Structures are given as structure tokens and as C-alpha cells.
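> This structure is in C-alpha cells; I'll ask about it shortly.
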Amino acid sequence: AALYVNASLLPARSFDFVVIGGGPGGSVVANRLTENPKYSVLLLEAGDLPDDLNHQVPLLNLLLRQPNAKDWNYTSLPVPGLNGRSVFIPRGKLLGGCTSMNGMGYYRGSSDDFDRYARVSGDPGWAWDNMQQYFRKHEMWTPPIDHHNVNGDFDPAVHGFHGMTSVQLEPLTAIDGMVLEAIGELNTTFPFNHGFNHDFNSGYQLGLGWGPAMTRDGQRDSAATAYVLQPSFINRPNLHVLLNAQVTRLLPTASHGRLPEFRSVQFSQGTGGPVQVVSVTKEVIIAAGAINTPQLLMLSGIGDSRHLTALGIPTVVNLPDVGQNLSVHVSTPIIYSVNSTDTIDDAIRNTTVRDELLAVWNETHGGKMANTQVQHVAYLRLPDNSSALTDGDPSSGPNSTACTDLFIDNGDLNPPPTGYYVSVSCIVNAPTSRGNITLYSADAFTQPLVAFNSLSTAFDVDTLIQALKSGFQFLSARSWDGYLVAPIPALRNVTTDAQFETYARTTAGPNGHLVATASMSPHEADWGVVDPDLRVKGATGLRIVDASVLPYLPAGTTGVTTFVFAERAADLIKAA
């Protein structure tokens, strides 16, 4: 078998490629490289398998927002813009990475996002039109688990039907009719983006539509299940996956006046475990994510020489941008109590109800448990006269949203002991606040320092205020009469911008979409960390394939962007 839990069982200590991290970047690259039987690939995953119900049942992803055994369990430094709060940072420490524990949303972002990636990197291959082949290699559109009629709810022309990861529309819920009626009433502000007119995965994302998810027959479809664990993949004789193997350093060879070359990977299976080394004949591919990738680079002597010297780490490649420019979507909820018990609240807080719903799911893979929690999404631009746009629009272009997406949930994502709710998550899609990742020590098993710096700019604050106002406007539609009871106490009598800001700073937090800590830049640029081919600048034999290379957040979910970046990266590696 190609799945190992003990390094002593590996068939060799030298491989053509070593891939570090089994998230969407690493799983895709490992799969695509082993399509060629001549290449031997070792995938090193720091965590275990996604083999428990919380990582398989879509709705139970809501139970993975607190510390658990299959998470890195990071906590940020105090965030000044969030009233000095430190926030928990859920990050999957298991095969599949964050795709094994996230919300599963399938939102590509806008065409402008990818055209900006091409423009900033100097490589037209990253442009929207040129990336369509990779969206289709990744996506396999399938009917929803409840088999409801989806004609007109998506545009088949813009989706892939023969890719690797299953994408489905969510099962219907109790609030769908009210949402559609509200769109009809408020169509000028919330146009319906759907079907054969538009599809917000078509590149034109503005408006409100149905939320697709990366699920397969009512189960999560992660990077692990789609690209690694299927028998036809895991049984390839040239693919080797070692679990519970945390990489601690990349070891350079003597450069002899040339660029330093990285041909050895050091890892350990547990804190205090013996240090082990594997060698690489072609390339090391880092796919450890926007926190762990810069941490590993710095531990290996790649980063700002001043920071490395202060920690006693010899500098191998001086790249000051490693760990810098951290960008993250920030969100805060609007929550109303409702006059109904047909919500997801009891499924989250009441184990008896949850067990009953799990019994249905075990039999049919349907019911409430087949929902990820997001039924509808609205992508909205800021009004032209918005004070947030005083210094310009930081979004990627006119088809993209700097403002907000509203994930409309049939319940409270963290419900109190009693009551039933509906919630709208209000999100800053193009934040201008930037943070950083730095090392606390030279010990690979010590958590790095994560400084988000969220809500540190006037644009981000003004945009989140506008997002909250838009959410309240949507919930003011007549279709909600008799269903909505009242906002939660913290939102009652909140009407002024100052009151909205106070609420946001008290309740907002990063939503898990982290990018830009190893940004790509043009070949000749003296900034950034990787070139447009995702090779680490100033080194040979080293490439990064994860969300850390994205110089800006997409106006969508970073998991989808990472999947398709990895699909193209695999082709770039094969060509090299």
C-alpha cells in the first residue's frame, strides 16, 4: 500500500519529488505528477486521515471551529482592530488540509481576480480565460442529493462535468422561498445571479444566487477524497503518502557560487521524535498553507535576514517578503431569532437531535446533515458614493466585489442554548489591512506568531459597516414578515455608523481565507517570494503551490483558487 504511518516502512529514502502538505495544493500536485509512472512522489502530511464523521458530514463542519485533535489550533496575536482580541484560527492538520474541515463552498471569484493575478505576476497563463481548462479539470458538477429541479439555477456552459471534485447545489431548506421573494422585492439592490443569464462562477459574480458546495452524494469531497484516497490513485506504485510527518527544515546543498539548491527534506513524526531525512532528485514542492509555508521557509533560512539572525537561524536566501502581506477575509454576523423550529440550531447544540439526523444521513446521505450551512450568497459592490471609496476601489475590477458576500444561513452557526435563528455573514471581500507571519523561535514545533491586523484601515471598517447595512436591508423585505422575530440583543437599536463599527470590532473575525505570505511576482521583481512559475526566488529545486502565493485574496473561496492554481502548477512542473 502507498499509505504509511511509519517512516521506517517507506520503500526508499530518495524520490523524484517530495510534496510537503496534503491540502488542495499538495494533493493535486501529487496526483498529477504520479500520472507519469516514471516519477516517484512522496507526499508528507503532518496530520492523520479525515476518517471521522465531523470531517465527512457536511453540516458537522460547524463543530470544527474550535480546538480539536486534527487542527493546528493556532491562536492569533491580539488584534488591535478587533478590540485587542486574540482569535482562534481553524486550520486543518490532516490529509486534505483545510478542505477536510472548511465550509466546502465552491466560489471561484471573478474574472477580474485572475486577470489581476496575470497582470501582477506578468504571466498571462494565470488570466481567467487561460485558467478555464483547469477549472474544468478540477470540477465535476453533479445533481443535488435531494434531486430537486435545478434548471435555471446554474449555467451548465461555465461548469465542468468530468473533473475530480464533485460540486453540487445545496439541498432545499425552509428559507429558500423567503429568500427568492426578497430578491423579487429588492431586485435593484440584490439582482438574481443565476442560470442562463449569469452564474456567479461564470466570472461575473455580482448579485445573489444559489450556493454550490464541494460535496459528493451528500458527503464532503475534499482534496483527500478527490485526489488521493480513491483506490485508483492511492494504489499507484509511484505514489507514497506518509502521515503524521511534520517537515521541520529544508536542507540546502553547497551552492559553489550558484543559487542554493534544496535537495533534502528533514521531518519528524511527532514532537521529540527522531529527525529523519529524505532526498529529492527533481523538486521539493511546499504546499503547507499560508501559515506553515512561511514558517517552514524561515526555519530553513529563507526569509528576512534580520528576523532570521535575531533567532540564530543562518540566512540561506534573503527574501524579506516571506511571511509578509498576510491578507484575510473578515466577517461578522447579523442574527435574528425566528418564529420556527425548522433550522439547523438543534442539530448543532442538541446531541439527541443530532443523532436522529445522523441516522437519516447514514441511511440516505440526505436531510439537514447534507447541508453545509450556506444556501445563498450575495456578491455586492459598494455604492459609487460610498465613503469607503474615497481613496479608490481596491477590488480587482468592475466584475468583482470589494464589498460583501452575504452567506444566508438557516440558523445560528454558534447557537445559544435556546431559540431558533437565521443569520447573515457580512464579509469584507477585498480588505486593505495587511498582517504578517513571523517565528517565535527556531523550534519547528513552536507555533509561529500570526498578526492579522484586521480592520486597521478606514476602507475595511467602512466596507464592513456597509455590509451590515446591506444585510439588514435584505432582511427588511416583506417576505420575512411573520418569520423574523427580532435581532439578537447586541444588534437591537444599532442604527448609526459608530454603533455598527462598535458591533463589528466586538464580534468580527478572520474567516479562514488566508493568502499572500509567499506572494508571486514577476521574474525580474525584487519583491515577492516566488516567480510566476511558483519557484522560490533565489533558490533552485524549490516551488510553492498553496494559497500563500496569491498576492491578493480572490472574491471567492481560497480553496477553489488553490485547487486550480495547483492544477496549472502540475503542468508547469511537468513541463520543466
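> Please state which one of Ala467, Ala490, Ala539, Ala547 is of a type outside the set (D, E, K, R), within 27 Å of Asp176 (Cα to Cα) and touching a strand residue (DSSP E or B) at 6+ places or on another chain (Cβ under 7 Å).
That would be Ala467, the only listed residue that is of a type outside the set (D, E, K, R), within 27 Å of Asp176 (Cα to Cα) and touching a strand residue (DSSP E or B) at 6+ places or on another chain (Cβ under 7 Å).
> Could I ask something else about it? Please identify the pairs in which a residue from segment 560-576 that is farther than 23 Å from Gly105 by Cα has its Cβ atom under 8 Å from the Cβ atom of a residue that is buried (at least 16 other Cβ atoms within 10 Å of the Cβ) and basic (Lys, Arg), counting only partners at least 6 apart or on another chain.
Note: pairs meeting the criteria are Ala570/Arg32; Asp571/Arg32; Ile573/Arg543; Lys574/Arg32.
> Now for a different question. Evaluate the following for Ala486: is it touching a Ser or Thr at 6+ places or on another chain (Cβ under 6 Å), surrounded by fewer than 20 Cβ atoms within 10 Å (Cβ to Cβ) and at pLDDT 95 or above?
Details: touching a Ser or Thr at 6+ places or on another chain (Cβ under 6 Å): yes; surrounded by fewer than 20 Cβ atoms within 10 Å (Cβ to Cβ): yes; at pLDDT 95 or above: yes.
Yes: the conditions hold for Ala486.
> For segment 1-26, how many residues meet the condition of being out of contact with any Asp or Glu (no Cβ under 7 Å at 6 or more places or on another chain), of a type outside the set (D, E, K, R) and more than 20 Å from Gln295 (Cβ to Cβ)?
Residues that pass the stated criteria total 14.
> Quick check on Leu572: is it in contact with a strand residue (DSSP E or B) (Cβ under 9 Å, 6 or more places away or on another chain) and open to solvent by less than 10 Å² (accessible area, probe 1.4 Å)?
no
> Could you run through segment 125-144 and say how many residues are small (Gly, Ala, Ser) and either outside any helix (DSSP H, G or I) or open to solvent by less than 10 Å² (accessible area, probe 1.4 Å) (or both)?
Number satisfying all stated conditions: 1.
> Another question, if that's okay. Just to be sure, is Gly122 on the phi > 0 side of the Ramachandran plot, crowded, with 21+ Cβ neighbours inside 10 Å and among the small types (Gly, Ala, Ser)?
no
> What are the pairs, 6+ residues apart or on separate chains, where a residue within segment 37-61 that is over 13 Å from Thr99 (Cα atoms) and open to solvent by less than 10 Å² (accessible area, probe 1.4 Å) has its Cβ under 6 Å from a residue that is in a loop (DSSP other than H, G, I, E, B) and β-branched (Val, Ile, Thr)?
From segment 37-61, the pairs are Val41/Thr34.
> Here's another thing I want to ask about it. Determine if segment 498-512 includes at least one residue that is touching a residue at least 24 places away in the same chain (Cβ under 8 Å), in contact with a Pro (Cβ under 8 Å, 6 or more places away or on another chain) and of a type outside the set (D, E, K, R). Walk me through how you get there before you give the answer.
Residues of segment 498-512 that are touching a residue at least 24 places away in the same chain (Cβ under 8 Å), as a first pass: 500-501, 503-512.
Those left that are additionally in contact with a Pro (Cβ under 8 Å, 6 or more places away or on another chain): 507, 512.
With of a type outside the set (D, E, K, R) added as a condition, the list becomes 507, 512.
Taking every residue of segment 498-512 in turn, at least one turns out to be touching a residue at least 24 places away in the same chain (Cβ under 8 Å), in contact with a Pro (Cβ under 8 Å, 6 or more places away or on another chain) and of a type outside the set (D, E, K, R).
> If a residue counts only when it is farther than 27 Å from Ile145 by Cα and open to solvent by 10 Å² or more (accessible area, probe 1.4 Å), which helices (runs of 4 or more DSSP H) contained entirely in segment 158-257 have at least 1 such residues?
Fully inside segment 158-257 and qualifying: 176-185.
> Okay, moving on. Kindly indicate whether Asp391 is under 23 Å from Tyr204 (Cβ atoms), more than 21 Å from the chain's Cα centre (by Cα) and open to solvent by 40 Å² or more (accessible area, probe 1.4 Å).
no
> Spot the failing condition for His240; the list is (1) over 28 Å from Glu363 (Cβ atoms); (2) in contact with a helix residue (DSSP H, G or I) (Cβ under 8 Å, 6 or more places away or on another chain), and only one is missed.
Among (1) over 28 Å from Glu363 (Cβ atoms); (2) in contact with a helix residue (DSSP H, G or I) (Cβ under 8 Å, 6 or more places away or on another chain), His240 violates only (2).
> For the subset of segment 284-317 comprising residues that are in a loop (DSSP other than H, G, I, E, B) and aliphatic (A, V, I, L, M), which member is surrounded by the fewest Cβ atoms within 10 Å (Cβ to Cβ)? Spell out the reasoning first.
To start, the set of residues in segment 284-317 that are in a loop (DSSP other than H, G, I, E, B) comprises 287-288, 300-301, 304, 311-316.
Narrowing the set further to residues that are aliphatic (A, V, I, L, M) leaves 287-288, 311, 313, 316.
On the way: Ala287: 31, Ala288: 29, Leu311: 15, Ile313: 20, Val316: 21.
Going through the qualifying residues, I end up with Leu311.
> Identify the residue in segment 489-511 that is open to solvent by less than 20 Å² (accessible area, probe 1.4 Å) and either in a loop (DSSP other than H, G, I, E, B) or of a type outside the set (Ser, Thr, Tyr) (or both) and, among all such residues, is farthest from Tyr117 (Cα to Cα).
Within segment 489-511, the match that is farthest from Tyr117 (Cα to Cα) is Leu491.
> Would you say Val28 is of a type in the set (Val, Ile, Thr), open to solvent by less than 40 Å² (accessible area, probe 1.4 Å) and either at pLDDT below 95 or closer than 29 Å to His365 by Cα (or both)?
The answer is yes for Val28.
> In segment 145-157, which residues are of a type in the set (A, V, I, L, M, F, W, C) and surrounded by 15 or more Cβ atoms within 10 Å (Cβ to Cβ)? Step through it out loud before you land on a result.
Taking segment 145-157 and keeping what is of a type in the set (A, V, I, L, M, F, W, C), we get 145, 150, 154, 157.
Result: Ile145, Val150, Phe154.
Listed here are the residues, each with its yes/no results for (1) under 27 Å from Ala182 (Cβ atoms); (2) open to solvent by 20 Å² or more (accessible area, probe 1.4 Å); (3) outside any loop (DSSP other than H, G, I, E, B).
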position	(1), (2), (3)
Tyr336	yes, yes, yes
Thr341	yes, yes, no
Asp355	no, yes, yes
Asn362	no, yes, yes
Val377	yes, no, yes
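> Ser327 - would you say it is open to solvent by 20 Å² or more (accessible area, probe 1.4 Å), of a type outside the set (D, E, K, R) and touching a strand residue (DSSP E or B) at 6+ places or on another chain (Cβ under 6 Å)?
The answer is no for Ser327.
The values are calculated or read from the model by the stated rules, or taken from the named source; none is laboratory data. It should be emphasised that the depicted structure is a prediction, and the values quoted were computed from it without experimental measurement. Neighbour counts are summed over all protein chains in view; Cβ atoms, including those assigned to glycine, are modelled from backbone coordinates with ideal geometry. Quick note on the areas: whole protein, heavy atoms, side chains included, nothing else; ligands and nucleic acids left out. Shrake-Rupley method; radii C 1.70, N 1.55, O 1.52, S 1.80 Å.
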